[in-house]
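Worksheet: one structure, shown below.
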Amino acid sequence: MTTTEAAAPTIGPADALLFELLATPEGRADPYPRYAQLQEHWPVHKLVLDAPGTSGGTWVLTRFDHCQAVLRHPGFGKDFAAMQRRWGLSEEEMAAQQTFSSDRPSMLFRDPPDHTRLRGLVSKAFTPRTVEALRPHIVRLCDELLEPMSGEVDVMATLAFPLPVTVIGEMLGVPRADRPQFQRLVRASAAALEPFVSPELLAAANEATLEMEDYFRHLVADRRRNLGSDLLSKLILAEDDGDQLSEAELLSTAILLFAAGFETTTNLIGNGLLALLRNPDQLQRLRDDRGLLAPGVDELLRYDSPVQVNGRIAGEAIEIDGHTFPGGSTVLVLQGAANRDPRRFSDPDRLDVGRSEGASMSFGSGIHFCLGAALARVEGQVVFGRLLERFGHIELLDDQPRYRDSITLRGLAELPVRLTPA
Ligand code: HEM
């Protein structure tokens, strides 16, 4: 390499902001002021420091319309191998990288037609009508968890994690005693979803993925001998049906449903309650009018989205709003920023539980739109509704609770509150 080729790239203000956002604990803890600057001055930004092996560069989008256009464009895909190349992995490393490997093909990282087939096999279980039928049961589960809660509690440990993991665990047929270990495993494996991740965390993510696979392989073997009415049994029958589902697809689908089914909803409960406690006027509006629970949960999802970052790879050169993304480029869609875009939402930094300005970006958009959106909404509505029913006063005990150190999945480590029964 000549000296000219080796010249260091100039790091501009947008790259500095993105570095803070994506790679520092401070930036991850409070991304919103940085999002606003990017949105205003550098809404379509090509990162100067690209991961080696990337063709086309890595782009970061923050405006709602741009993000939506990318997620809805059929030319943008989710081919995992390109993501791995973005991280500059060699062929050997790619083979060792388990999470997105081609023999672990969950719908989340497939393009059509495989995506369509895999999603079609389970979509019936998550329609708004099917999920609505679960509401009374979810209320019972929530009340059971709230029953012993009083005084000082950590909402994350006592409610935000146990409720969603129980709901999806029951749907899939994961035995109760086995569920708690998945919080650690899912969190470790989710490191692979971060835009920038250290080799150590990636190795831990791979290990966790293998551990979950091992668990589900045994569970599937057991369930085969004793089929039930749960989703796992249905997937086993689909696999038995021949060309519908391979063994690897069965395992990756089960893991995806289980992991996606709780980690994000846990963070909806935590981020949402924190937002309400910091905006007592909005909490009071929900107390006064339970009819606001449905729009209120959607607003909490918009205001502090559990999924902040999404990504796509351009299969060909694609133009959006005058910007051309070369084939092979990676586009980071900052959903959390899009949700605060003043071009899309009026006074976007204000929490307004009565807001009715249409869907936010929190469940994504296009063909990968969250399969569990209806379930997450019902769980959120039940949790906030029952909390307000049961407790006349909820006091935030730590004004600055700690967010976990990740940007893709945004959630609190703890949320200590004092609960006073109504
Ligand atoms: C508040 C809670 C939730 C949030 C914020 C959320 C967010 C998202 C987002 C942003 C995507 C799109 C990813 C992409 O575009 O690549 C997604 C996909 C998905 N979500 Fe959720 N999710 C939540 C709850 C759930 C629940 C309860 C389930 C239940 C199983 C679930 C299952 C899935 C699945 C299977 C996909 C993949 C869909 C596909 O690739 O076609 N999610 N979710």
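Quick note: the coordinates plus some simple rules give every number you see, no bench work behind them. Just so you know, these numbers come straight off a predicted model, no measurement behind them. Note: ideal-geometry Cβ built from the backbone for every residue, glycine included; neighbour counts use all protein chains shown.
A few comments on the model shown:
- By average C-beta atoms within 10 angstrom, highest first, the peptides 106-116, 175-185, 328-338, 360-370: 328-338, 360-370, 106-116, 175-185
- Gain on full extension, evaluated as 0.36 nm per residue between Asp347 and Leu237 minus their Cα-Cα distance, stands at 34.6 nm.
- A crude spin-label estimate for the pair Arg418 and Arg140, with each label 7 Å from Cα along the Cβ direction, gives 3.5 nm.
- Percent of beta bridges antiparallel (DSSP, the chain, rounded to nearest 5): 85
- Taking the range 3-421 and dividing mean pair separation by its residue count, relative contact order in percent (alpha carbons under 8 Å, at least six apart): 25
- Descending principal axes extents, the range 3-421, alpha-carbon based, whole Å: 69, 54, 35
- Taking 0.36 nm per residue of separation and subtracting the Cα-Cα distance, full extension of the segment from Asp178 to Gln244 would add 20.9 nm.
- About the centre of its Cα atoms, the range 330-405 shows a dipole size close to 260 debye [charges on the beta carbon of Lys, Arg (+1) and Asp, Glu (-1) only; nearest 20 debye].
- Value of relative contact order over the range 286-422, rounded to a whole percent, pairs C-alpha under 8 Å and six or more apart: 27
- Approximate spin-label separation Thr127-Phe369, in nm, with each point projected 7 Å along Cα-to-Cβ: 1.5
- FRET efficiency estimate (nearest 0.05) - Cβ-Cβ, His218 to Glu40, R0 45 angstrom: 0.30
- Residues of type lysines that Lys124 reaches as a straight line, Cα spacing below 30 Å, ignoring anything fewer than 8 places off in the same chain: Lys78, Lys234
- Under the simplified labelling scheme, the Glu357-Asp281 pair shows an inter-label distance of 1.6 nm, with each label point 7 Å from Cα along Cα→Cβ.
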